[in-house]
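The values are calculated or read from the model by the stated rules, or taken from the named source; none is laboratory data. Keep in mind the model is a prediction, meaning the values are calculated, not measured. Cβ coordinates were reconstructed from backbone atoms using ideal geometry, including for glycine residues, and neighbour counts include every protein chain displayed. Side chains included, ligands, DNA and RNA excluded: accessible areas come from the protein's heavy atoms. Shrake-Rupley method; radii C 1.70, N 1.55, O 1.52, S 1.80 Å.
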Amino acid sequence: MSPALNPTPDEVTRQRSLAKYRQRAAAYDSTCGPTWGIRERCIAALRLQPGQSVLDVACGTGLSLPLLRSAVGGADGCQGQVFGFDHSSEMLVQARARVATAGWDNVTLFETAAQALALPQQMDALLFHYTHDILRSPSALRQVLACARPGARVAIAGIKYFPVWLAPLNAWVYWKNHGYNGAPGELRSPWDRVAPHLADWHFETTQWGMGYIASGTLRAQPAS
Ligand SMILES: C[S@@+](CC[C@H](N)C(=O)[O-])C[C@H]1O[C@@H](n2cnc3c(N)ncnc32)[C@H](O)[C@@H]1O
């Protein structure tokens, strides 16, 4: 049977995500104000240096791009490189407009699924900011991690279930996550597939326990 008639679970998730962001893209930025501080803290955890290359995984509308670009440097002489990708054309068109308006020549964006990602160089750092579907897809995660050098800094922020004593609130957490992800479950420890790939693991909760920021340093990846 052809893949189109018999899609993999990963592809089903991706198609659900694409449909959600087709609807959500126009108003996406207006929903991100309350998590701005988390975005700043997550990017700070990358400890970016001028001249480095950084990948904004599933960059969406590009809200993180100004912070990343300013951290790696945009001036001649020590200009770093910012890369971003997303599979949603509706989200990415806004990111592209942001780059064009600012006239940044060291920000490169790709429209691609994480599962098919290929970059022209190895990254010094990876930002996973609210990228639940990619963290839960072994093939997507493998492909993204393969784009970074051993020792690259990796920072992750996202949503998770509240601790058990606040469990009644988790129906609401699930519902909130449902609006943004093709695979909205698996919220107990969404980081558990990426964590084994990272040394110097650091973890903290945010938003009274319904969010997290984690970071570490990429171990050498096993050859696939
Ligand atoms: C919650 S948004 C986060 C966007 C951005 N990282 C931010 O912090 O504003 C999740 C993004 O993941 C993208 N996405 C989900 N699954 C993907 C996949 N398999 N490949 C590429 N992008 C994906 C969606 O299109 C969406 O833009």
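Tell me whether the stretch 195-202 contains one or more residues that are at pLDDT 95 or above, within 17 Å of the chain's Cα centre (by Cα) and open to solvent by 30 Å² or more (accessible area, probe 1.4 Å). Yes: one or more hits. Residues that are in contact with a strand residue (DSSP E or B) (Cβ under 6 Å, 6 or more places away or on another chain), closer than 23 Å to His87 by Cβ, in contact (Cβ under 8 Å) with a residue 12 or more places away in the chain and outside any loop (DSSP other than H, G, I, E, B) are absent from the stretch 200-211.
For the stretch 68-88, the set of residues classified as open to solvent by 50 Å² or more (accessible area, probe 1.4 Å) and either touching a Ser or Thr at 6+ places or on another chain (Cβ under 8 Å) or at negative phi (or both) consists of Ser70, Ala75, Asp76, Cys78, Gln79, Gln81, listed by residue number. The condition (being away from the ligand (no atom under 16 Å from the Cβ) and either closer than 23 Å to Cys32 by Cα or outside any helix (DSSP H, G or I) (or both)) is satisfied by just one residue among Ala95, Ala100: Ala100. Criterion applied to Arg14, Arg24, Arg41, Arg47 was being among the basic types (Lys, Arg) and within 8 Å of the ligand (Cβ to nearest atom), and the one residue passing it is Arg14. Residues in the stretch 30-48 that are more than 23 Å from Ala118 (Cα to Cα) and at pLDDT 95 or above: 10 in all. Within the stretch 157-172, residues that are within 15 Å of Tyr212 (Cα to Cα) and open to solvent by less than 70 Å² (accessible area, probe 1.4 Å) reach partners that are among the basic types (Lys, Arg) and at pLDDT 90 or above with beta carbons closer than 9 Å, at six or more positions or on different chains, in the pairs Ala157/Arg39; Ala157/Arg41; Lys160/Arg188; Tyr161/Arg188. What are the residues in the stretch 47-67 that are out of contact with any strand residue (DSSP E or B) (no Cβ under 7 Å at 6 or more places or on another chain) and either in a helix (DSSP H, G or I) or open to solvent by 30 Å² or more (accessible area, probe 1.4 Å) (or both), if any? Once the filter is applied, which keeps residues that are out of contact with any strand residue (DSSP E or B) (no Cβ under 7 Å at 6 or more places or on another chain) and either in a helix (DSSP H, G or I) or open to solvent by 30 Å² or more (accessible area, probe 1.4 Å) (or both), the stretch 47-67 yields Gln49, Pro50, Gly51, Pro66, Leu67. If the condition is being away from the ligand (no atom under 12 Å from the Cβ), in a loop (DSSP other than H, G, I, E, B) and open to solvent by less than 70 Å² (accessible area, probe 1.4 Å), then the stretch 109-126 contributes only Leu119. Residues in the stretch 38-74 that are within 22 Å of Asp133 (Cα to Cα) and charged (D, E, K, R): Arg39, Glu40, Arg41, Asp56. For the structure I just gave you, tell me whether Ala44 is open to solvent by 40 Å² or more (accessible area, probe 1.4 Å) and of a type in the set (A, V, I, L, M). Criteria met by Ala44.
From the list Leu218, Leu141, Leu135, Leu126, the lone residue that is under 24 Å from Arg14 (Cα atoms) and in contact (Cβ under 8 Å) with a residue 60 or more places away in the chain is Leu126.
Taking the listed residues Gln15, Gln79, the one that is over 24 Å from Leu145 (Cβ atoms) and among the polar types (S, T, N, Q) is Gln79, with no other qualifying.
Open to solvent by 20 Å² or more (accessible area, probe 1.4 Å) and either within 16 Å of the ligand (Cβ to nearest atom) or part of a helix (DSSP H, G or I) (or both) - does that describe any residue in the stretch 144-151? Yes, the stretch 144-151 contains a residue that is open to solvent by 20 Å² or more (accessible area, probe 1.4 Å) and either within 16 Å of the ligand (Cβ to nearest atom) or part of a helix (DSSP H, G or I) (or both).
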